[in-house]
Amino acid sequence: MFQTIKLLKRAPLPPLFGLVVILAYLLVALSAPIISPFGESEIVGSEYEPWGNQFLLGTDALGRDMASRLIYGARNSVGIAIVTTTLTFLLGAIIGLLAGALGGWVDQILSRIIDILMSIPPLIFALLILAILGTSITTLILTIAVLYCTRVYRIARAVAANIVVMDYCEVAKLRGEGIWWIILHEILPNSTAPLVVEFGLRFCFVFLFISSLSFLGLGIQPPAADWGSMVRENASLITFGDITPILPAGAIALLAVAINLVIDWISAVRSTKNRIA
Amino acid sequence: MSRMKRHWRLLLRRRNFKVNPIIIVILQRLGLGLLTMFVVSLLIFFAVELLPGDIAQEILGQAATEETVAAFRQKLGLDKPPILRYTYWLRAALKGDLGESLASGRQVSQLISGRVANTFFLAGISAILAVPLSLFLGIITALYRDSLFDRFINVIMLTAISSPQFFIAYILIVYLAVKAGLFPSLSNIDPSMSLGEKIYYSFLPALTLTMAVVAYMMRMTRVAIIDILDSSYIEMAYLKGIKRYRVIIKHAFVNALAPIINVVALNLAYLVVGVVISEVIFGFPGLGQLLIDSVSKRDITVVQAACLIFAATYILLNLIADILSIITNPRLLYPR
């Protein structure tokens, strides 16, 4: 804890900016019902009202308040992305650590399956699954978890394979500890840093991926306020030179930039640490 | 794998063949590519089996009578065993017959033929814009690492990587199409247009794709070049007193070629798949737009065909990237 604070004090401006933005998003998501002037899918005015005192950012195609939907969007879009990333990560990390720690034919079989999954473009495969099973949030989350766990798997496996040959793991094996004990007590504590970086990276990919699917009308379904779908619903305003529909897209980009800034900094700190050690 | 390789090498040596190991590696990659294609075609075909219950019932809805469902099942060939259906499907697909659209009843190959050409046209324009630009930026930022210019470009590229494609697309529409009136925001090209007109109408979607792909390509190029510039033989060359431009051309460039070619091919694969969103935004009549339409209509045969084409292109470009990076690797080219 103390070390973290010391590191934060010496952090340059970009990652600090990133952290502030991430915190702000979380705060907005948590306090959405308090700070938003209107309800999530409440129709409060006529269609496409301009920016003003009553409706801060105007209203959308159905007469719902844009600002309120933007605030609620932080809940839906970011929330679903977090759930999906967590699932992706658990799936990839568990089978990756297992493959790395066990080695042998388990590793071979799992790695070949992952190789095949990686050779398919995720968007194309996701579209195929959505066409067959229909669009629903559960299908979406599960499909993405399977398609995106490949990268997590590779990193977890590589890290585990490096750690499992260390002397302290040998000792644990000789003591008669089981494979899960070794993964939980020896491998996991020694591989948190690369896994945290990977989590951040995966989150960005998953977040952008879900937004794109929502934008195409195949992701998060109405009337839930979601940034990707909001752009699509109000896209006709853009042909009049109105930038309101771009705001949700900007919100997506800003969060992704913030996370990338923090990740870049963590990786940089890690690599300098390794160089000194 | 390595035992296999040794076995082959011994076999070839015994017969007094002198086969360059590079050929063996390439043949292995080709075989792996073919195997991947086969598995992917299996996945695309059998994904339909994922559906709990019956696809015919699912598509026709609960209101459909038993006879219509049975007729529909027969039309899809669902009354035959899956393995048989797969072999029929694959054989027909290889001949160019992709079945009938469930929604319109038209031949799928007829629906997509013009669109495939359009999609490759769009991806082609984007590649022509993106490749030189990203190589130039990647090389410059690597040579002038940590300069103000490098940092500026890096911040811009980080933003581009973090932005969803529709964000970039709509910003381009607002500023270049609506406010400046330079380009049309709707790219509904048709075969009667001349090449110049087609390029003019496809410019904004191509630019969107370029922005999305340049960021990755430039970053990967930069890393590849920095990797080489940091290696000990470059340091050695400098220590020998060779001039900077000679070091870059004679020592760095030759070794940078392999990773750069690899980066380009990889990103072209990404680009071909990335067209989907750009096509939808700009109403470009390509394969991606058809794919999205068919997904919402749940027109499975069209979706399968489009997925097969996209996946095949993606795998093929990745394979080319692999093989080119083997061929351009000096260590494999001149075995000791």
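At a glance:
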{"quantity": "Of A:Leu174, A:Asn260, A:Val152, farthest towards positive along the dipole that unit charges on Lys, Arg, Asp, Glu beta carbons give region A:139-277", "calculated": "A:Leu174"}
{"quantity": "Normalised contact order of chain B, rounded percent, pairs of Cα under 8 Å and 6 or more residues apart", "calculated": "25 percent"}
{"quantity": "Rh (Kirkwood; distinct C-alpha pairs) - region B:214-336, Å", "calculated": "17.2 Å"}
{"quantity": "Between region B:195-274 and region A:1-36, the Cα center-to-center distance that results, in Å", "calculated": "35 Å"}
{"quantity": "Anisotropy class of region A:103-251 from Cα gyration tensor, a/c 1.5 cut", "calculated": "prolate"}
{"quantity": "Sum of -39500 (n - 2.57) over DSSP H runs of 4+, divided by residues of chain B (222 nm, nearest 500)", "calculated": "-24500 deg cm²/dmol"}
{"quantity": "Cα shape, region A:164-277, gyration tensor, a/c 1.5 rule", "calculated": "oblate"}
{"quantity": "Furthest towards positive pole of dipole, A:Val78, A:Ile34, A:Gly45, structure part region A:1-90, Cβ charges", "calculated": "A:Val78"}
{"quantity": "Span from the region A:53-104 Cα centroid across to the region A:194-266 one, whole angstrom", "calculated": "9 Å"}
{"quantity": "On Cα atoms only, tilt of B:195-229 relative to the major axis of chain B in degrees", "calculated": "50 degrees"}
{"quantity": "Charge tally in the Cβ shell below 15 Å around B:Leu158, where Lys, Arg are +1 and Asp, Glu are -1, B:Leu158 excluded", "calculated": "+1"}
{"quantity": "Of the DSSP H helices in chain A, those whose Cα atoms cover at least 27 Å axially and whose Kyte score averages -1.0 or more", "calculated": "A:79-102, A:137-163, A:192-215, A:246-276"}
{"quantity": "Folded to 0 to 90 degrees: helix B:148-162 orientation relative to chain B principal axis, Cα", "calculated": "20 degrees"}
{"quantity": "Rg and Dmax [Cα atoms of chain A; Å; Rg one decimal, Dmax integer]", "calculated": "22.1, 73"}
{"quantity": "Using alpha-carbon coordinates, inclination of helix B:300-327 to the longest axis of chain B, degrees", "calculated": "20 degrees"}
{"quantity": "Ellipticity estimate at 222 nm from DSSP helix runs (n ≥ 4, -39,500 (n - 2.57)) divided over chain A, nearest 500", "calculated": "-22500 deg cm²/dmol"}
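The numbers here are math on the coordinates, done by the rules we state, and not lab data. None of these values were measured; they are calculated from a predicted model. Here the Cβ is made from the backbone with ideal geometry for all residues, glycine too, and neighbour counts use every protein chain on show.
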